[in-house]
Amino acid sequence: MIETPLRDLTGPIAPQLAAVAALIRGSAGPGAAAEGFGAPLDCYLRESVGHLFRTPGKLLRPTLVLCSAAIAGAGGRRDDEGVVSLAAAVELLHTASLAHDDILDEEETRRGQRSLNRSHGNRVAVLVGDVLYARFFSLLTEIRMPDPARAGELFALFARTTERMCLAEICDERLRRDGRAPTAPEYLRIVEYKTAELMSACCRAAALLQGAAGGVADALGAFGRSFGLAYQLADDAEDRDAPPGVPLDLRAAEREHAAAAGAALGSLPAGPHRRLLEQLCGLLAPGVSS
């Protein structure tokens, strides 16, 4: 949906994105826990765990982390190494959810190649997703918060986020079994939990890592939530992927949430990173970015 334009906008964070991509590639191997299996199994582990990373994704969620961290750290504390680790971690979490989603949806392809469940089977796909979840949390443990007493906030934030992503899938499955379309409030809550919750967590976590004031973290979290809603609504409208019969004008709702995302940025320091986020809003709903 916004992949090509996104690549054209990320100049201000290009070096950090390259570091994130390198860290992700390093996390896609068998890992220290796989040592001792021998070459044949190590090769299979590397191939299966790395399957989803052969074709790079948009790195949209890492982009949100990097921009939010730059905004939150403007004129103050900056932890570039921790920010890169956080950005790579959220991409691992997102990719883990894709591995599991593709099983539930019986997807045939992902990122221009056979989906992991089709190439390796459902059982391996479930386990690879679990491995990526574990590596996500492993990366989080390496991040040093500015106030060690608040380190638990990062874990609590992503534990809640992961739980809500799963709850959304459970609700989706129940609606399918019932054979009914969700109401507009049900659909929006599913979209919020499935997509917007993680984008909000990306932005808020970056602010927490930079030791930003509560108002900055709240504004970035609100931006991420509204942007995530607009993004998923746009995706569903473009792919006609919304459940049939949802009583909602997807394009109108997309514009509404894109405008809310842009408004949330208004209280934050101006600069190239805020501008990049504003341009992302504009890609979803032209005229929103200022």
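In the range 175-259, which trypsin sites (Lys or Arg not before Pro) fall in coil by DSSP and have 12 or fewer other Cβ atoms within 10 Å?
Taking the range 175-259 and a limit of 12 other Cβ atoms within 10 Å, the loop trypsin sites (Lys or Arg not before Pro) found are R180, R240.
Can you give me the orientation-averaged projected area of the convex hull built on the Cα atoms of the range 57-190, in nm²?
Averaging across all directions leaves 10.0 nm² for the Cα convex hull.
Step through the residues of the range 253-266 one at a time and calculate ³J(HN,Hα) from phi using the Karplus curve (6.51 cos²θ - 1.76 cosθ + 1.60, θ = phi - 60°), rounding each to whole Hz and writing x for Gly and Pro.
5, 4, 4, 4, 6, 5, 5, 5, 5, x, 5, 5, 7, x
Above 33 Å lies some portion of the pair distances; for the chain, what is it as a whole percent of all C-alpha pairs?
Percent of Cα pairs beyond 33 Å in the chain: 21.
I'd like the Karplus ³J(HN,Hα) series for the range 47-63: coefficients 6.51, -1.76, 1.60, θ = phi - 60°, whole numbers in Hz, and an x wherever there's a Gly or Pro.
The phi angles translate into 5, 6, 5, x, 4, 6, 9, 4, 9, x, x, 6, 6, 5, 5, x, 4 Hz.
At 0.36 nm per residue, and after removing the present C-alpha to C-alpha distance, how many nm does the segment from E238 to Q113 gain when stretched out fully?
Extra length available between E238 and Q113 comes to 42.9 nm.
Which value at 222 nm does the chain reach when only helices count, each DSSP H run of 4 or more adding -39,500 (n - 2.57), with the total divided by all residues and rounded to the nearest 500 deg cm²/dmol?
Theoretical 222 nm ellipticity from helices: -22500 deg cm²/dmol.
With charges only on Cβ, +1 for K and R and -1 for D and E, what is the dipole size of the range 3-284 about its Cα centre, in debye, rounded to 20?
It works out to roughly 400 debye.
Would you mind finding the longest exposed-site-free stretch of the chain, with exposed GluC sites (Glu not before Pro) meaning DSSP loop and at most 13 other Cβ atoms within 10 Å?
143-290
What would the Debye formula give as log10 I(q)/I(0) at q = 0.13, 0.16, 0.17, 0.22 Å⁻¹ for the alpha-carbon point model of the range 151-266, no solvent?
Each listed q corresponds, in turn, to -0.53, -0.75, -0.83, -1.18.
For the pair S138 and E256, what calculated FRET efficiency results from E = 1/(1 + (r/R0)^6), where r is the Cβ-Cβ distance and R0 = 35 Å, to the nearest 0.05?
0.35
Which of the three applies to the range 125-196, rounded, prolate or oblate, going by the alpha-carbon gyration tensor with a ≥ b ≥ c and a/c under 1.5 meaning rounded?
Since a/c reaches 1.5 but b/c is at least a/b, the shape of the range 125-196 is classed as oblate.
Can you list residues whose amide H is under 5 Å from Q113's amide H, if they're 5+ apart or on another chain and H is modeled 1.01 Å from N?
The answer is none.
Of the candidates P272, P15, P182, which one comes out as most mobile in a Gaussian network treatment of the chain with C-alpha springs shorter than 10 Å?
P15
Quick check: residue separation of K58 and A263 times 0.36 nm, minus the Cα distance between them. What number comes out in nm?
Net length gain for the segment: 71.4 nm.
Can you tell me which of A260, A184, A219 moves the most in a GNM of the chain? Springs connect C-alpha atoms under 10 Å apart.
Residue with maximal mean-square fluctuation among A260, A184, A219: A184.
Could you identify which residue out of A213, A88, A69 has the top mean-square fluctuation in a GNM of the chain using Cα springs shorter than 10 Å?
Maximum among the listed residues: A213.
The numbers here are math on the coordinates, done by the rules we state, and not lab data. What you see is a predicted model; the values in this text were computed from it and never measured. A quick note on method: Cβ atoms are made from the backbone with ideal geometry, for glycine too, and the neighbour counts reach across all protein chains shown.
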